[in-house]
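Chemist: Okay, handing you the structure first.
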Amino acid sequence: MVEFTTLEDSLYAGLKNDLGFIIDEKFLVLSEAQSTINNNMPLRQLEYISRTYEKLVPTENLYGESNTRIPVPELFVVYTGKKKWNASELRLSDSFLGIAPENSLEVVVKIVKMKYNKGENETLEILERSEKLNGYSTLQEYIRQFREKDGELGTAIDKAVRQCIREGVLKEFLEKNSPEVKRMLFNEITSEEFAEIRAKEAAQKASEESYKEGIKEGKVISLIETCQEFGLSQKDTLSKLMNKLSMSKEKAEAYVAKFWK
C-alpha cells in the first residue's frame, strides 16, 4: 500500500517537497526534483522529514513511556539537469562548520540522475520499487525534452502530461488531477528559475559594484599622486579627496594611509 505524505505550501509557509509517500507502512520516501545542482538538499530534506513526522505522530505519543514506531526514511533528489553532477549522495555533515561529535545528526540524500555520467549505474532500487517515483521522474524528463524543443514552459508541461498518459505513465493520476499537476509543475519550475535568476542578478550587481569601486579607487590614487607631485601635505590632500570625490574624512584618511608614498 502507498500513502502520500507530500507537504503543501499553504501548510508550512513555503516548505514543500515534491513527492512523499509511505510504502507498506514501513518506508517513508521523500523526493524533490532539481534541474540545477543544489548541495543544500540534506538541510532541506531535514526540514521536510521533521514536518512529515510531525504530521504522522500524535503529539501525546512523544511524552509516553512506550517507544513510538516511525517509518524508515529514504531521501532522494531527482536531478533532471544537463550539467554534470559528480556526486551520488549528499550528506548534511558536509555542511557542518566543524567535526561532528558522536551524538550529532546525519542526513544522507541519494541523487537519482535522469542523465547519467558515463560509467555510472543507471538504475536505482527506489525507481524499480516505486512506480510513482519512476513515473514522476519520467514526467520531469519529458518536460525538459519538450521545453528544449519548444522553449515555452506551459506548452512543454501540457505535452509531457499528454505523452505520459499515452504511454500509461501515471495515467490514472494524471487523468484525474491534470490541472492541479500542471499548475504545481509550473509553479515549482518557475520558482526554481526565479531563485536562479535572483542569484544571477545578485552576482551581476556585486560585479558592477566592484567595477565602480575600482574606478573610484583609481581616481583616488590619481588624485593622491597629483597632490604629492605638487608638494601638498597629507592634510591638504585629505581636503582635496573630501571635496573633489565627496567622501568622509574617515574614508579619505584610510585612502591616504593606503596609497601615500
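Read the figures in this text as sums done on the coordinates, not as results from a lab. Quantities reported herein were computed from a predicted structural model and do not represent experimental measurements. As a convention, Cβ positions derive from the backbone with ideal geometry for all residues, glycine included, and neighbour counts pool all protein chains shown.
Chemist: Could you sort 89-97, 64-72 so that the peptide with the highest average Cβ count within 10 Å comes first and the rest follow in order?
Modeler: 89-97, 64-72
Chemist: Right, next: Please work out how much length the chain gains when fully extended from Ser104 to Glu229, using 0.36 nm per residue of separation minus the C-alpha to C-alpha distance, in nm with one decimal.
Modeler: Extra length from Ser104 to Glu229 when fully extended: 38.7 nm.
Chemist: The range 212-259: D in µm²/s via Stokes-Einstein (Kirkwood Rh, Cα pairs, 20 °C, 1.002 mPa s)?
Modeler: It comes out at roughly 205 µm²/s.
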